[in-house]
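J.: Let me give you the structure first, and then I'll get to my questions.
No value in this document is a laboratory result; all are computed from the given coordinates. Keep in mind that what you see is a predicted model, and the values were worked out from it rather than measured. Ideal geometry is used to build each Cβ from the backbone, glycine not excepted, and the neighbour counts take in all protein chains shown.
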Amino acid sequence: MEVSDSILDLIGRTPLLRMEKLGRDLTCDLLAKLEMLNPGGSVKDRIGLNMIEAAEREGKLKPGGTIVEPTSGNTGVGLAIAALVKGYRCIFTMPDKMSQEKISLLRAYGADVVITPTAVPPESPESYYSVADRITANTPGAFQPDQYHNMKNPEAHYGTTGPEIWAQTEGTITHLVIGVGTGGTISGAGKYLKEQNPDVVIVGADPVGSVFTSEPAPYLVEGIGKESWPATLDRDIVDRWVTVSDRDSFLTARRITSEEGVLVGGSCGTAMWAGLQVGKELGPEHVMVVLLPDSGRNYISKLYDDNWMRENGFIERPGTEARIGELLAYKRSIETRIPDLVAVEANEKVGRAIDMLQEYGISQIPVANSESPEDIEQIVGSVNERSLLDSVFRDSETVDRLVSEVMDDALPVVQVADGIDAMFRNLSKGAEAIVVADGPRPVAVLTRADLLEFLASQ
């Protein structure tokens, strides 16, 4: 029988998968290394086991000891699985931007999880690094693997990930793309591959806001990027950096899932987006491997939740990609009583404007040089129920005055071909309605209620 005696025996030897659909516009061979198929669901299983076994050999971790580590989640899972099998306690500190799934997963493996603020510098007493240091100092028998400085981290990838990729591609790999966090994966695997062939190009994918390629700033992709340079990153191994936005990372991750059937996390999207950009420059003689570090199961409540994606501006709300013309067509389909464009002449009496508002059941009306303006320049102002009520209440003789004497500013103008976001922007600035034009010709008036009803119908 082919049977493993421990879950730890199943770490590594993950497969390569050709990205047929994502790479359809590339001439190079685009391959993905599926690290989410490790037992703990990520590439970090490799370093968790390696760091623990090294600590055991060196006497730093003894029976009954406690493992303490600041982690974005995946390293914690790798450590927790190995600790569970070997009989150690685990305490992990995590920044509060991490998904609830990651926190729950660590606790499922029996670990204690301490949540710390994200928006603090590394040296802050509140940072997840500082909190982990205090817990380690105050816990008897505690050992902190310290993935950011522990050279057993890149060593794990030098001994396993790099050789696997070389063997799986039969030495044909020309480019390796990896999202960089601690730098262990890219340093270890990259070093091995360059020893086999110095011409292999190592590409680091980095989130916007990470210190590796940009000014430090908050970002939402988890597990990669840093606010300081870790000791485990060999900068000389990386031949090229590609900076990737949160939006591109998350949308590419969703593409990998929807097009290739591989459920991946946001950092996989970062690496793949970088690979697709580099791949545009490559010919059929090139073989690119993009390492996909973890599963999307830990991000169901984030990047696979449409509401979360909309709230963060990564996808549009239903209907918001529509054009003004579509909204106008929808209104026409449900409302035939009111003409598209109702205007009152500037030299009419205010009483006539009030009659028109009541006749059509509307609350505002453009003021023009004729009741059927042919050019947007003929629209000179507007009146609405609220301002007219105020004027008439204060002076009943207002009904006999000319509309031009009491009118307000003209309504904002948008084009039929504009997106409905243009309408929303004008309404957000306080406009009661907008005039829709087709080129120079005004064709309709649309209100807040029209936009709201259209969005609700989508």
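J.: Work out, step by step, the length gained on full extension between Q277 and Q196: first 0.36 nm times the residue separation, then minus their alpha carbon distance; give nm to one decimal. Spell out each step's value before the answer.
T.: Numbers: separation 81, 0.36 × 81 = 29.16 nm, distance 2.53 nm.
So the chain would gain 26.6 nm between Q277 and Q196.
J.: Oh, and also: Please list, in chain and number order, the residues 5+ apart from S214 or on another chain whose amide H is under 5 Å from its amide H, with Hs placed from the backbone.
T.: Counting only residues 5 or more places away or on other chains, the set is G209.
J.: In terms of the Cα gyration tensor, with a ≥ b ≥ c the square roots of its eigenvalues, is the range 1-144 rounded because a/c is under 1.5, prolate because a/b exceeds b/c, or oblate?
T.: Working: a/c = 2.45, a/b = 1.39, b/c = 1.77.
Note, shape of the range 1-144 comes out oblate.
J.: Kindly provide the GluC sites (Glu not before Pro) of the range 247-343 that DSSP labels as loop, not H, G, I, E or B, and whose Cβ sees at most 14 other Cβ atoms within 10 Å. Write out the running numbers ahead of the final one.
T.: On the way: sites: E259, E260, E281, E285, E311, E316, E321, E326, E335; in loops: E281, E285, E316, E321, E335.
The qualifying sites are E281, E285, E316, E321, E335.
J.: Under 5 Å between amide H atoms, partner at least 5 residues away or on a different chain: which partners does V113 have, H built in plane at 1.01 Å?
T.: Residues meeting the criterion, in which the H sits 1.01 Å from N, are F92.
J.: OK, next. Straight-line reach from K60: which lysines fall under 22 Å, measuring Cα to Cα and dropping same-chain residues less than 8 apart?
T.: K44, K86, K152
J.: Something else now. Amide H to amide H under 5 Å from F143: which residues, 5+ apart in sequence or cross-chain, H placed 1.01 Å off N in plane?
T.: Sorted by chain and number, the residues that satisfy this are T66, I67, V68.
J.: Looking at [x] 147; [y] 201; [z] 156, which value of volume of the Cα convex hull per residue in Å³ comes from a calculation on the structure shown?
T.: Only one option fits the structure, namely [y].
J.: Suppose only helical runs count, i.e. DSSP H with n ≥ 4. What mean residue ellipticity at 222 nm does that imply for the chain under -39500 (n - 2.57) per run, divided by all residues and rounded to the nearest 500 deg cm²/dmol?
T.: Numbers: 16 runs with 162 residues, N = 458.
Computed mean residue ellipticity for the chain: -10500 deg cm²/dmol.
J.: Quick check on the chain: of the DSSP beta bridges with both residues there, what percent are antiparallel, nearest 5%? The partial results should precede the final answer.
T.: On the way: 19 of 55 bridges.
Counting DSSP beta bridges with both partners in the chain, the antiparallel share is about 35 percent.
J.: Something else about it: Which residue, I315, V244, G279, has the largest displacement toward the positive end of the dipole of the range 219-360 when charges sit on each Cβ (Lys, Arg +1; Asp, Glu -1)?
T.: Checked the options; the winner is I315.
J.: Separate question: Would you kindly derive the ³J(HN,Hα) couplings of the range 58-66 from the backbone phi angles with the Karplus curve 6.51 cos²θ - 1.76 cosθ + 1.60 (θ = phi - 60°), listing them in order in whole Hz, with x for Gly and Pro?
T.: 8, x, 7, 10, 10, x, x, x, 10
J.: Still on this structure, I have one more. Using DSSP, restrict attention to beta bridges with both residues in the range 324-457 and report what percent are antiparallel, rounded to the nearest 5. Don't jump to the answer; show the numbers that get you there.
T.: Working: 13 of 18 bridges.
Here the share of antiparallel DSSP bridges comes out near 70 percent.
J.: Please turn the phi angles of the range 373-385 into ³J(HN,Hα) values with the Karplus equation 6.51 cos²θ - 1.76 cosθ + 1.60 (θ = phi - 60°), one per residue in order, whole Hz, x for glycine and proline.
T.: x, 9, 9, 4, 5, 6, 7, 10, x, 7, 10, 9, 3
J.: Just going by the charge dipole of the chain, with Lys and Arg at +1 and Asp and Glu at -1 on Cβ, which of H175, Q196, N384 is farthest out on the positive end?
T.: Toward the positive end, the furthest listed residue is Q196.
J.: Classify the range 305-458: rounded, prolate or oblate, from the alpha-carbon gyration tensor (a ≥ b ≥ c, eigenvalue square roots; a/c under 1.5 rounded; otherwise prolate if a/b is larger than b/c)? Intermediate results must be reported in sequence, preceding the final value.
T.: Working: a/c = 2.31, a/b = 1.91, b/c = 1.21.
The shape class here is prolate.
J.: Let me ask something else about it. With charges set only on the Cβ (+1 for Lys and Arg, -1 for Asp and Glu), what does the dipole of the chain come to about its Cα centre, in debye to the nearest 20?
T.: Values: 43 positive and 68 negative charges, 370 e Å.
Roughly 1780 debye, rounded to the nearest 20.
J.: Which aspartates and glutamates, if any, have their Cα less than 18 Å from the Cα of K280, not counting same-chain residues under 8 positions apart?
T.: Within reach: E20, D25, D29, D239, D248.
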